[in-house]
Amino acid sequence: MNQREIVNTIRKLAAQSTCWLGVGCVAVKDGRIVVEAYNKVLPDPEICNRQGCVRKEKNLDGGSAVEDCFAIHAEINLLVTAAREGIELRGADVYVTCFPCAVCAKALVEVGVAQVFYLEDFLGRKGEMYFKAAGVITTRVSL
(Lines give C-alpha, C1' and ligand atoms only; values in the text may rest on other atoms or scores of the structure.)
Protein backbone atom coordinates (compact mmCIF):
# COMPACT_ATOMS: atom_id res chain seq x y z
CA MET A 1 0.00 0.00 0.00
CA ASN A 2 1.50 3.35 -0.98
CA GLN A 3 1.39 6.58 0.95
CA ARG A 4 -1.32 8.13 -1.23
CA GLU A 5 -3.62 5.17 -0.54
CA ILE A 6 -2.93 5.43 3.19
CA VAL A 7 -3.68 9.18 3.17
CA ASN A 8 -6.92 8.56 1.27
CA THR A 9 -7.85 6.00 3.92
CA ILE A 10 -7.31 8.37 6.87
CA ARG A 11 -9.30 11.07 5.10
CA LYS A 12 -12.19 8.62 4.60
CA LEU A 13 -11.97 7.59 8.24
CA ALA A 14 -12.08 11.25 9.34
CA ALA A 15 -15.29 11.65 7.35
CA GLN A 16 -16.86 8.85 9.45
CA SER A 17 -16.24 10.73 12.70
CA THR A 18 -19.21 11.61 14.86
CA CYS A 19 -17.36 14.70 16.15
CA TRP A 20 -17.37 18.03 14.28
CA LEU A 21 -13.56 17.81 14.22
CA GLY A 22 -13.16 14.67 12.13
CA VAL A 23 -9.83 12.91 12.62
CA GLY A 24 -8.77 9.65 10.97
CA CYS A 25 -5.86 7.43 11.95
CA VAL A 26 -4.24 4.15 10.90
CA ALA A 27 -1.31 2.03 12.00
CA VAL A 28 0.88 0.52 9.29
CA LYS A 29 3.25 -2.43 9.63
CA ASP A 30 5.13 -4.15 6.84
CA GLY A 31 3.46 -1.90 4.28
CA ARG A 32 -0.12 -2.71 5.22
CA ILE A 33 -2.73 -1.13 7.46
CA VAL A 34 -3.17 -3.26 10.57
CA VAL A 35 -5.72 -1.13 12.42
CA GLU A 36 -7.96 1.86 11.60
CA ALA A 37 -9.74 4.38 13.80
CA TYR A 38 -11.34 7.80 13.94
CA ASN A 39 -12.42 10.11 16.72
CA LYS A 40 -15.96 9.63 17.88
CA VAL A 41 -18.40 10.84 20.47
CA LEU A 42 -19.07 8.36 23.30
CA PRO A 43 -21.19 6.79 24.62
CA ASP A 44 -23.92 8.22 22.39
CA PRO A 45 -22.91 9.81 19.06
CA GLU A 46 -25.84 12.25 19.29
CA ILE A 47 -25.11 13.61 22.77
CA CYS A 48 -23.22 16.64 21.49
CA ASN A 49 -26.01 17.40 19.03
CA ARG A 50 -28.56 17.34 21.86
CA GLN A 51 -26.54 19.05 24.60
CA GLY A 52 -24.13 21.12 22.53
CA CYS A 53 -20.40 20.71 22.12
CA VAL A 54 -18.63 21.15 25.45
CA ARG A 55 -15.44 22.26 23.70
CA LYS A 56 -17.23 25.01 21.78
CA GLU A 57 -19.33 26.14 24.77
CA LYS A 58 -16.27 26.41 27.05
CA ASN A 59 -14.10 27.79 24.23
CA LEU A 60 -11.52 25.02 24.75
CA ASP A 61 -8.81 24.49 22.21
CA GLY A 62 -8.49 20.94 20.94
CA GLY A 63 -6.29 18.63 22.95
CA SER A 64 -6.77 20.50 26.23
CA ALA A 65 -9.20 19.50 28.97
CA VAL A 66 -9.85 16.26 27.10
CA GLU A 67 -11.73 14.95 30.13
CA ASP A 68 -14.47 17.56 29.51
CA CYS A 69 -15.16 16.28 26.00
CA PHE A 70 -17.39 13.34 25.05
CA ALA A 71 -15.13 12.38 22.13
CA ILE A 72 -12.38 9.79 22.18
CA HIS A 73 -9.41 10.89 20.09
CA ALA A 74 -8.62 8.89 16.97
CA GLU A 75 -5.17 7.91 18.24
CA ILE A 76 -6.50 6.60 21.55
CA ASN A 77 -9.29 4.79 19.70
CA LEU A 78 -6.58 3.26 17.48
CA LEU A 79 -4.69 1.95 20.53
CA VAL A 80 -7.87 0.64 22.16
CA THR A 81 -8.89 -1.14 18.95
CA ALA A 82 -5.42 -2.67 18.56
CA ALA A 83 -5.45 -3.89 22.17
CA ARG A 84 -8.95 -5.34 21.81
CA GLU A 85 -7.93 -7.19 18.64
CA GLY A 86 -4.51 -8.31 19.94
CA ILE A 87 -2.53 -6.28 17.40
CA GLU A 88 1.04 -5.37 18.36
CA LEU A 89 1.85 -1.75 17.48
CA ARG A 90 5.48 -1.61 18.59
CA GLY A 91 7.46 -0.41 15.60
CA ALA A 92 4.38 0.61 13.60
CA ASP A 93 4.03 3.80 11.60
CA VAL A 94 0.97 5.87 12.45
CA TYR A 95 -0.77 8.11 9.94
CA VAL A 96 -3.19 10.71 11.28
CA THR A 97 -5.01 13.63 9.71
CA CYS A 98 -3.71 16.13 12.28
CA PHE A 99 -0.73 16.29 14.60
CA PRO A 100 -1.48 14.42 17.85
CA CYS A 101 -2.23 16.30 21.06
CA ALA A 102 0.09 15.81 24.04
CA VAL A 103 -2.07 13.07 25.60
CA CYS A 104 -2.17 11.07 22.37
CA ALA A 105 1.54 11.66 21.74
CA LYS A 106 2.42 10.18 25.14
CA ALA A 107 0.22 7.15 24.48
CA LEU A 108 1.77 6.57 21.04
CA VAL A 109 5.26 6.86 22.53
CA GLU A 110 4.41 4.39 25.27
CA VAL A 111 3.11 1.82 22.80
CA GLY A 112 6.36 2.11 20.85
CA VAL A 113 5.39 3.49 17.45
CA ALA A 114 8.35 4.26 15.19
CA GLN A 115 7.03 7.15 13.12
CA VAL A 116 4.05 9.48 12.98
CA PHE A 117 2.94 10.91 9.65
CA TYR A 118 0.38 13.72 9.76
CA LEU A 119 -1.44 15.92 7.27
CA GLU A 120 -2.09 19.11 9.26
CA ASP A 121 -0.49 20.91 12.17
CA PHE A 122 -2.72 21.15 15.20
CA LEU A 123 -2.47 23.06 18.46
CA GLY A 124 1.04 24.26 17.88
CA ARG A 125 2.21 20.64 17.89
CA LYS A 126 1.99 20.34 21.69
CA GLY A 127 2.81 16.64 21.55
CA GLU A 128 6.05 17.15 19.65
CA MET A 129 8.34 17.24 22.71
CA TYR A 130 7.25 13.72 23.70
CA PHE A 131 8.00 12.34 20.26
CA LYS A 132 11.41 14.03 20.18
CA ALA A 133 12.35 12.78 23.65
CA ALA A 134 11.47 9.21 22.63
CA GLY A 135 13.12 9.36 19.21
CA VAL A 136 9.82 9.00 17.33
CA ILE A 137 10.12 10.57 13.89
CA THR A 138 7.31 12.92 12.87
CA THR A 139 6.77 13.86 9.24
CA ARG A 140 4.20 16.12 7.62
CA VAL A 141 2.75 14.58 4.47
CA SER A 142 1.37 16.74 1.71
CA LEU A 143 -0.35 14.92 -1.13
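The values are calculated or read from the model by the stated rules, or taken from the named source; none is laboratory data. Nothing here was measured: the structure is a model prediction, and the numbers come from that model. Counting neighbours? That spans all protein chains shown, and the Cβs are built from the backbone with ideal geometry, glycine included. Keep in mind that these areas ignore ligands, DNA and RNA; they rest on the heavy atoms of the full protein, side chains included. Shrake-Rupley method; radii C 1.70, N 1.55, O 1.52, S 1.80 Å.
For region 115-131, the candidate set comprises residues that are under 21 Å from L13 (Cα atoms) and among the charged types (D, E, K, R); within that set, the residue that is modelled with the lowest pLDDT is D121. In region 96-115, the residues that are part of a loop (DSSP other than H, G, I, E, B) reach residues that are buried (at least 24 other Cβ atoms within 10 Å of the Cβ) and charged (D, E, K, R) with C-beta atoms within less than 9 angstrom, at least six apart or across chains, in these pairs: P100/E75; C101/E75. Any residue at all in region 42-49 that is touching a strand residue (DSSP E or B) at 6+ places or on another chain (Cβ under 6 Å), under 29 Å from N2 (Cβ atoms) and free of Cβ contacts under 8 Å to residues at least 40 places away in the same chain? No, every residue in region 42-49 fails to be touching a strand residue (DSSP E or B) at 6+ places or on another chain (Cβ under 6 Å), under 29 Å from N2 (Cβ atoms) and free of Cβ contacts under 8 Å to residues at least 40 places away in the same chain.
Scan region 65-94 for residues that are open to solvent by less than 20 Å² (accessible area, probe 1.4 Å) and under 9 Å from the mean Cα position of the chain (by Cα) and report the count. The total comes to 5.
Determine, yes or no, whether R125 is more than 22 Å from D30 (Cβ to Cβ), free of Cβ contacts under 8 Å to residues at least 60 places away in the same chain, surrounded by 17 or more Cβ atoms within 10 Å (Cβ to Cβ) and over 15 Å from the mean Cα position of the chain (by Cα). Taking the combined requirement at face value, the residue does not satisfy it. Could you please find all residues in region 18-41 being open to solvent by 20 Å² or more (accessible area, probe 1.4 Å) and either free of Cβ contacts under 8 Å to residues at least 24 places away in the same chain or part of a loop (DSSP other than H, G, I, E, B) (or both)? T18, C19, W20, L21, G22, D30, G31 - these are the residues of region 18-41 that are open to solvent by 20 Å² or more (accessible area, probe 1.4 Å) and either free of Cβ contacts under 8 Å to residues at least 24 places away in the same chain or part of a loop (DSSP other than H, G, I, E, B) (or both).
If you check N59 against the conditions, is it under 20 Å from S17 (Cα atoms) and either among the polar types (S, T, N, Q) or in a helix (DSSP H, G or I) (or both)? No; evaluated as a whole, the condition is false for this residue. Note on region 1-17: residues that are open to solvent by 70 Å² or more (accessible area, probe 1.4 Å) and closer than 19 Å to I87 by Cα amount to 1. Of everything in region 97-114 that is open to solvent by 50 Å² or more (accessible area, probe 1.4 Å) and within 13 Å of the chain's Cα centre (by Cα), the residue that is modelled with the lowest pLDDT is V103.
Check region 54-71 and report whether any residue there is modelled with pLDDT of 95 or more and within 30 Å of R4 (Cβ to Cβ). Among the residues of region 54-71, not one is modelled with pLDDT of 95 or more and within 30 Å of R4 (Cβ to Cβ), which makes the answer no.
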